[in-house]
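The values are calculated or read from the model by the stated rules, or taken from the named source; none is laboratory data. Since we're looking at a predicted model, the values are computed, not measured. Because the Cβ atoms are built from the backbone with ideal geometry, glycine has one as well, and the counts that use them run over all protein chains shown.
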């Protein structure tokens, strides 16, 4: 899959989520969605990112926006992660990598000379019409949630 860019229609997905049930993009039709992809529950950068987005959840709610974090971890892992850090964002489990691949964030990565497949930390701001409004790739966590909130406020 090619990399998704602003202006393109966001691929729909339906994934199991923390707390039970599913999270589907189509559930939020007419409302903005912040879709952020992260590598792994309970690792330092991913925890900081989830806490930052949770801390701003009231601001996103004022805009009618829903924040959904997606990783290849299981729902059970998401439930533990959310409980441990009092997270208020939706966490969707993409163990089959369907959304990860549809959004072009399942990439070859390398660490210590070894290559492996993993999630490139990325965020997609999707407007109420289901189009990608803005894309952040290779996200650096500090200040990221605030930058996404500013972009959402400008929709």
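Filter the stretch 30-57 down to residues that are over 13 Å from residue 152 (Cα atoms) and either at pLDDT below 95 or assigned to a helix (DSSP H, G or I) (or both), then give me how many there are.
Let us first name the residues in the stretch 30-57 that are over 13 Å from residue 152 (Cα atoms), namely 30, 36-52, 54-55.
Adding the requirement that they be either at pLDDT below 95 or assigned to a helix (DSSP H, G or I) (or both) leaves 44-52, 54-55.
Here the count works out to 11.
Do we have residue 30 as out of contact with any helix residue (DSSP H, G or I) (no Cβ under 9 Å at 6 or more places or on another chain), at positive phi and without any contact (Cβ under 8 Å) to a residue 12 or more places away in the chain here? Break it down stepwise before answering.
Numbers: out of contact with any helix residue (DSSP H, G or I) (no Cβ under 9 Å at 6 or more places or on another chain): yes; at positive phi: yes; without any contact (Cβ under 8 Å) to a residue 12 or more places away in the chain: no.
No, not satisfied.
Every residue in the stretch 33-54 that is exposed (fewer than 15 other Cβ atoms within 10 Å of the Cβ) and either in contact (Cβ under 8 Å) with a residue 60 or more places away in the chain or within 13 Å of residue 92 (Cβ to Cβ) (or both), please.
none
Mind checking which residues of the stretch 115-151 are surrounded by fewer than 16 Cβ atoms within 10 Å (Cβ to Cβ) and under 20 Å from residue 72 (Cα atoms)?
Passing the criteria: 115, 116, 117, 137, 138, 140.
On the basis of being closer than 21 Å to residue 23 by Cα, part of a loop (DSSP other than H, G, I, E, B) and free of Cβ contacts under 8 Å to residues at least 24 places away in the same chain, does residue 96 make the cut?
The answer is yes for residue 96.
Take the stretch 55-80 and flag every residue that is in contact (Cβ under 8 Å) with a residue 60 or more places away in the chain and buried (at least 17 other Cβ atoms within 10 Å of the Cβ).
56, 60, 65, 78, 79
Which one of 109, 84, 62 is farther than 18 Å from residue 131 by Cα and in contact with a strand residue (DSSP E or B) (Cβ under 8 Å, 6 or more places away or on another chain)? Can you show your working first?
On the way: 84 fails: in contact with a strand residue (DSSP E or B) (Cβ under 8 Å, 6 or more places away or on another chain); 62 fails: in contact with a strand residue (DSSP E or B) (Cβ under 8 Å, 6 or more places away or on another chain).
Of the residues listed, the single one that is farther than 18 Å from residue 131 by Cα and in contact with a strand residue (DSSP E or B) (Cβ under 8 Å, 6 or more places away or on another chain) is 109.
Exactly one of (1) assigned to a strand (DSSP E or B); (2) closer than 20 Å to residue 39 by Cβ is unmet by residue 132. Its number?
(2)
Give the residues of the stretch 9-27 that are surrounded by 15 or more Cβ atoms within 10 Å (Cβ to Cβ), in contact with a strand residue (DSSP E or B) (Cβ under 6 Å, 6 or more places away or on another chain) and either free of Cβ contacts under 8 Å to residues at least 24 places away in the same chain or not in a strand (DSSP E or B) (or both), sorted by residue number.
10, 18, 24
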